[in-house]
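These notes concern the structure reproduced below.
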Amino acid sequence: YILTGQKIAGNFLTNYGINANSVGVLVTYDGGFTWSKLGNSETRLRNLVPFKLIQLRNNANILIAVTNGGPYSTTDGGVTWNRIAGTRNDTYDIEQHPTNDAIVYYSTSNTVGKSTDLAQTFTEINSFSPGTSSATRSQIAVTPANPNEVYYLQCGTSINTIYKSTNSGDNFSRINTTDLITGQYSYNYAFAINPSNNNFMVAAGVTLAASGNNGSTFPNVTVAGVNLPGPVPNNYLHADVHDLAYNPLNGLLYAGNDGGVAVSNDNGVNWTDISNGLQCTQYYHMEGFENAQNLYIGGTQDNGTNYTTNGSSMVYAGSGDGFAVDFVNTNNDFFFMVENNTVSRYRRSTNSLSQVSNSIPAANQTFYPDVICHPTNGNIVYIAYANTVWRTTNQGTTWTQVATITNNDGGTGFSRTYNGGFAVSAQVPDRIYAASANTVRISNNQGSNWATISGNTGWPANFGTITDIATRSNNADEIWVTTTGNNGANRIIYSSNAGASWVGFTGSLPNIPVYSIFYTSQGDAYIGTELGVFFMDFSMNDWVPFYNGLPIIPVTDLFVNEAAGTIAASTMGRGIWLSDLYSDCGPFMFLSGLTQGTNFYQSGGFIETTQQIPGSFGNSVRLRSPTKIIFRPGFSIKENAYLRAVIGNCGQGVFQRNASINIATSKGDYFKTQEEAPVQNP
């Protein structure tokens, strides 16, 4: 069983404009090959921040999920989920007594709840009063080494205190003499006790602290930062630990963190990273280079900036939170990259990094600046912080401030911390478009002067938070602006005259955020959304899906390599994906083989398919033909996957559920026809 959603209180992705809603609890019965939604869990948990899910020992039908909206449980194996009555909202952790199945504990920021009836009801422990003024998180831990012990760790900006109970949670007393200092308590924290020796316990946030004396002393034992490409010490553990767990069979300690998974065989002192093969990096932004087919760079959440020259293996270029990236357009040996609040220049041939934003006043260096290079002059680079824009004419040796934003001019900053962005075109190389949260500006002289172009004719009222802006390399007057769409109808607008007037192009897109856009020299537009990629050109009157096997994941950035005929999509949690470009509809289409992910197929003629679609949430196939769709023997779609087929013209709009013919629903390996439709049933 897995509990979905972003396990963060005060979600940083929300500031970036990316949703991280839970789709409830998923279950697999085949070792993870296929997954299905469990009962009504999505309905109950969708708008909540999830923290932990447990299944009660010896009571397999009872599962409990703790969230910022309280604990939810099921007693029928996941069919029905309900809030446990009489419980607190801010529940962060939950544990079952190691030997007494009936006893369950949960923790809030300032108390512990205890149940003696298999989590049907809870009573708060009132026998101790931990500090509450700055507590923002809590963890609890139990151990089979002493089953009646319960440990409660309260976390906050000025407190990090451990309380211990020796009578199954009826009373608690403080055990650590000084507060632990490991950091970031609202974002991440974890706590665990050795299952065979209760003297060994670990707590981690940015770094990890370990105790060998039952919590009396708790020194930090790991380091979270190293100077690459130098040696990595044995006690290095990637920063921002979100989970700790001992294996009860062999005592190995595992840590889940922003860098993946690591294991320790000495109670947390030394660590080995075991993340190789995980493809779950969160990319904020990505860039390619037109005449280099496999050259890409990307800035990531807490995994720095990385680049690839072969399209498969990544080279680590910088640490921290990577963000905006851009190649020097005249020499791709160099690129500029963001690390937290600073900007650096990287040279690939020498693997060298030089920070270039040092001369910008520290007060202006806000988190997550944006950076873009001049399209024809390799010495000119622009940086946008929250309230200022800076230009260099010597690749970062010196900087000139070229724009300032005040609080009352309709924007909240140029920096893409709050979205927005830059756009330049080689056709008019000295022109810059800069978008803030809800304002678009233009400069025709490298930023020396600016004019606001949002709000002109056709600009929608309450357009929403701007997520990206793009222009055409061979026509600087054409620009696109995308938004999270928090006012419903308007999510994409276009101007053919440098912002003098605007036209809405949302079309029949579903009501989801649009995070990114790329506009080719041929006039083709690709957008990255909450549900994948969509495409439109000016021969069409609407967007069409271009999922092409992508998982259901927010697409944060796009790059089209027109020379190579490929498109790359960076995602918030599944790495970077590559595809051939959209192709026009042919006269017919034959589909076969194992088909996973999200897919949309359309043809100018008929479609025949013998595909096999595994029964998993996230596997979907949509088909559209103007004449007929034929399901040949060998075709199968299993329960929990999604199939929709429509008789309709190629390139005409998005596949809407309420506008399509519901041909069949999958149940096992056969079809149950629901209504007449021009298809052949196998």
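The values are calculated or read from the model by the stated rules, or taken from the named source; none is laboratory data. Since the model is a prediction, treat every value here as computed from it, not as a measurement. Here the Cβ is made from the backbone with ideal geometry for all residues, glycine too, and neighbour counts use every protein chain on show. Surface accessibility is based on the protein's heavy atoms, side chains included, excluding ligands, DNA and RNA. Shrake-Rupley method; radii C 1.70, N 1.55, O 1.52, S 1.80 Å.
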Residue 87 - would you say it is under 30 Å from residue 216 (Cα atoms), out of contact with any helix residue (DSSP H, G or I) (no Cβ under 9 Å at 6 or more places or on another chain), part of a loop (DSSP other than H, G, I, E, B) and among the β-branched types (Val, Ile, Thr)? no
Anything in the stretch 536-551 that is under 22 Å from the mean Cα position of the chain (by Cα) and either polar (S, T, N, Q) or surrounded by fewer than 19 Cβ atoms within 10 Å (Cβ to Cβ) (or both)? List them, or say none. 548, 549, 551
Taking residue 182 as meeting all but one of (1) of a type in the set (Val, Ile, Thr); (2) modelled with pLDDT under 85; (3) open to solvent by 20 Å² or more (accessible area, probe 1.4 Å), write down the number of the exception. (3)
What do you reckon, is residue 463 at pLDDT below 90 and either closer than 18 Å to residue 434 by Cα or not aliphatic (A, V, I, L, M) (or both)? yes
Condition first: open to solvent by less than 40 Å² (accessible area, probe 1.4 Å), within 24 Å of the chain's Cα centre (by Cα) and not hydrophobic (A, V, I, L, M, F, W, C). Now tell me which residues in the stretch 562-585 satisfy that. 566, 570, 571, 573, 575, 579
Taking the stretch 214-240, which residues are farther than 26 Å from residue 143 by Cα and among the charged types (D, E, K, R)? none
Can you say whether residue 57 is at pLDDT below 95, open to solvent by 40 Å² or more (accessible area, probe 1.4 Å) and of a type in the set (Lys, Arg), as far as the supplied structure shows? no
If the requirement is being within 27 Å of residue 511 (Cβ to Cβ), at pLDDT 95 or above and either part of a loop (DSSP other than H, G, I, E, B) or not polar (S, T, N, Q) (or both), which of these qualifies: 645, 569? 569
State whether the residues of the stretch 104-115 include one that is out of contact with any His (no Cβ under 8 Å at 6 or more places or on another chain), open to solvent by 10 Å² or more (accessible area, probe 1.4 Å) and touching a residue at least 60 places away in the same chain (Cβ under 8 Å). no
Would you confirm whether any residue within the stretch 58-78 is part of a loop (DSSP other than H, G, I, E, B) and within 22 Å of the chain's Cα centre (by Cα)? yes
Residue pairs within 7 Å by beta carbon, gap of at least six or interchain, first lying in the stretch 617-642 and in contact (Cβ under 8 Å) with a residue 40 or more places away in the chain, second of a type in the set (Asp, Glu) and assigned to a loop (DSSP other than H, G, I, E, B), listed first then second, are 638/669
Quick test of your reading of the structure: residue 505 fulfils all but one of (1) of a type outside the set (S, T, N, Q); (2) open to solvent by 20 Å² or more (accessible area, probe 1.4 Å); (3) under 30 Å from residue 614 (Cβ atoms). Name the failing condition by number. (3)
Looking across the stretch 552-561 at residues that are touching a residue at least 24 places away in the same chain (Cβ under 8 Å) and within 23 Å of the chain's Cα centre (by Cα), the single one that is farthest from residue 257 (Cα to Cα) is 560
Which listed residue is charged (D, E, K, R), surrounded by fewer than 17 Cβ atoms within 10 Å (Cβ to Cβ) and under 30 Å from residue 193 (Cα atoms), from 333, 266: 266
Within the stretch 551-566, how many residues are at pLDDT below 95, under 15 Å from residue 518 (Cβ atoms) and of a type in the set (A, V, I, L, M)? 3
What residue, of 307, 283, 254, 246, is closer than 24 Å to residue 550 by Cα, at pLDDT 95 or above and either among the hydroxyl-bearing types (Ser, Thr, Tyr) or in contact with a Lys or Arg (Cβ under 6 Å, 6 or more places away or on another chain) (or both)? 307
Are any of the residues in the stretch 504-516 modelled with pLDDT under 90, in contact with a Leu (Cβ under 6 Å, 6 or more places away or on another chain) and in a loop (DSSP other than H, G, I, E, B)? yes
Filtering the stretch 572-593 for residues that are in a strand (DSSP E or B), without any contact (Cβ under 8 Å) to a residue 60 or more places away in the chain, hydrophobic (A, V, I, L, M, F, W, C) and farther than 22 Å from residue 606 by Cβ leaves a count of 1
Strands (runs of 3 or more DSSP E) contained entirely in the stretch 228-281, each with at least 3 residues that are touching a Ser or Thr at 6+ places or on another chain (Cβ under 6 Å): 260-264
Checking the condition farther than 29 Å from residue 94 by Cα, β-branched (Val, Ile, Thr), without any contact (Cβ under 8 Å) to a residue 12 or more places away in the chain and in a loop (DSSP other than H, G, I, E, B), which residue from 330, 350 passes? 350
Residue 437 meets each of (1) open to solvent by 20 Å² or more (accessible area, probe 1.4 Å); (2) modelled with pLDDT under 90 with one exception, condition (1)
Run down 485, 523 and say which single residue is closer than 19 Å to residue 455 by Cβ, open to solvent by less than 10 Å² (accessible area, probe 1.4 Å) and among the small types (Gly, Ala, Ser). 485
Going through the stretch 207-217 one residue at a time, which ones are at pLDDT 90 or above and either part of a loop (DSSP other than H, G, I, E, B) or touching a helix residue (DSSP H, G or I) at 6+ places or on another chain (Cβ under 8 Å) (or both)? 207, 212, 213, 214, 215
